[in-house]
1. Kindly establish whether Pro104 is out of contact with any Cys (no Cβ under 7 Å at 6 or more places or on another chain) and open to solvent by 80 Å² or more (accessible area, probe 1.4 Å).
2. Of (1) under 29 Å from Asp113 (Cβ atoms); (2) under 12 Å from the mean Cα position of the chain (by Cα), Leu47 satisfies all except one. Which?
3. Would you confirm whether any residue within the stretch 58-70 is of a type outside the set (A, V, I, L, M, F, W, C), in a strand (DSSP E or B), at pLDDT below 95 and over 16 Å from Phe17 (Cα atoms)?
4. So, in the stretch 71-88, how many residues would count as being within 18 Å of Gly102 (Cβ to Cβ) and assigned to a loop (DSSP other than H, G, I, E, B)?
5. When you look at Val40, is it in contact with a Phe, Trp or Tyr (Cβ under 7 Å, 6 or more places away or on another chain), β-branched (Val, Ile, Thr), open to solvent by less than 40 Å² (accessible area, probe 1.4 Å) and more than 17 Å from Ile111 (Cα to Cα), yes or no?
6. Name the residues in the stretch 56-96 that are touching a helix residue (DSSP H, G or I) at 6+ places or on another chain (Cβ under 7 Å) and hydrophobic (A, V, I, L, M, F, W, C), would you?
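The values are calculated or read from the model by the stated rules, or taken from the named source; none is laboratory data. As the structure is a computational prediction, the values presented were derived from the model and not from experiment. Here Cβ is always computed from backbone atoms with ideal geometry, including for glycine, and neighbour counts include all displayed protein chains. Surface accessibility is based on the protein's heavy atoms, side chains included, excluding ligands, DNA and RNA. Shrake-Rupley method; radii C 1.70, N 1.55, O 1.52, S 1.80 Å.
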Amino acid sequence: MLLIKNTHQDYHAHIYFDSSTVEFARQLRDQVKNTFELAVGRFNEKLVGPHMMWSFSITFTSNDFDTLVPWLEQQRNGHSVLVHAVTGDDFKDHTEYAYWLGSPVDINVAIFDS
């Protein structure tokens, strides 16, 4: 049972992968694009922003939350997924307003200090 609460209007989900799981991540990204009418970000095989692993993102709203998040939990195949609010406060979004599906991975929140 997921203990993630839908308490904000806008969200991002970041799905993390590495060179050994890149093909699974590609397939999952395609599944998201074919299953949901949501904005799916670039397939980043490099570090981007505060993310310390390769990733791709999904942008969604509170209306999509109750469908997408449980779907991601079922489909992630052991991958870590960061689900966070998008409020305009990047530091809080990636810390206080962040939830994890799977094991948390390091996030470089120091870039938000400026």
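1. On the way: out of contact with any Cys (no Cβ under 7 Å at 6 or more places or on another chain): yes; open to solvent by 80 Å² or more (accessible area, probe 1.4 Å): yes.
So Pro104 fits the description; yes.
2. Tallying (1) under 29 Å from Asp113 (Cβ atoms); (2) under 12 Å from the mean Cα position of the chain (by Cα), Leu47 fails exactly one: (2).
3. So the first thing to find is which residues in the stretch 58-70 are of a type outside the set (A, V, I, L, M, F, W, C), and the list is 59, 61-64, 66-67, 70.
Add one more test, that the residue is in a strand (DSSP E or B), and what stays is 59, 61.
If we keep only those that are at pLDDT below 95 too, we end up with none.
No: the stretch 58-70 contains no residue that is of a type outside the set (A, V, I, L, M, F, W, C), in a strand (DSSP E or B), at pLDDT below 95 and over 16 Å from Phe17 (Cα atoms).
4. Of the stretch 71-88, the ones within 18 Å of Gly102 (Cβ to Cβ) are 71-84.
Right, trim to assigned to a loop (DSSP other than H, G, I, E, B) and you get 76-80.
Total meeting the criteria: 5.
5. Details: in contact with a Phe, Trp or Tyr (Cβ under 7 Å, 6 or more places away or on another chain): yes; β-branched (Val, Ile, Thr): yes; open to solvent by less than 40 Å² (accessible area, probe 1.4 Å): yes; more than 17 Å from Ile111 (Cα to Cα): yes.
Judged against the criteria, Val40 is a match.
6. Selection gives Phe56, Ile58, Phe60, Val81, Val83, Ala85, Val86, Phe91.
Conditions (1) open to solvent by 60 Å² or more (accessible area, probe 1.4 Å); (2) at positive phi, marked per residue:
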position	(1), (2)
Met52	yes, no
Phe56	no, no
Phe60	no, no
Asp66	yes, no
Val69	no, no
Glu73	yes, no
Asn77	yes, yes
Val83	no, no
Thr87	yes, no
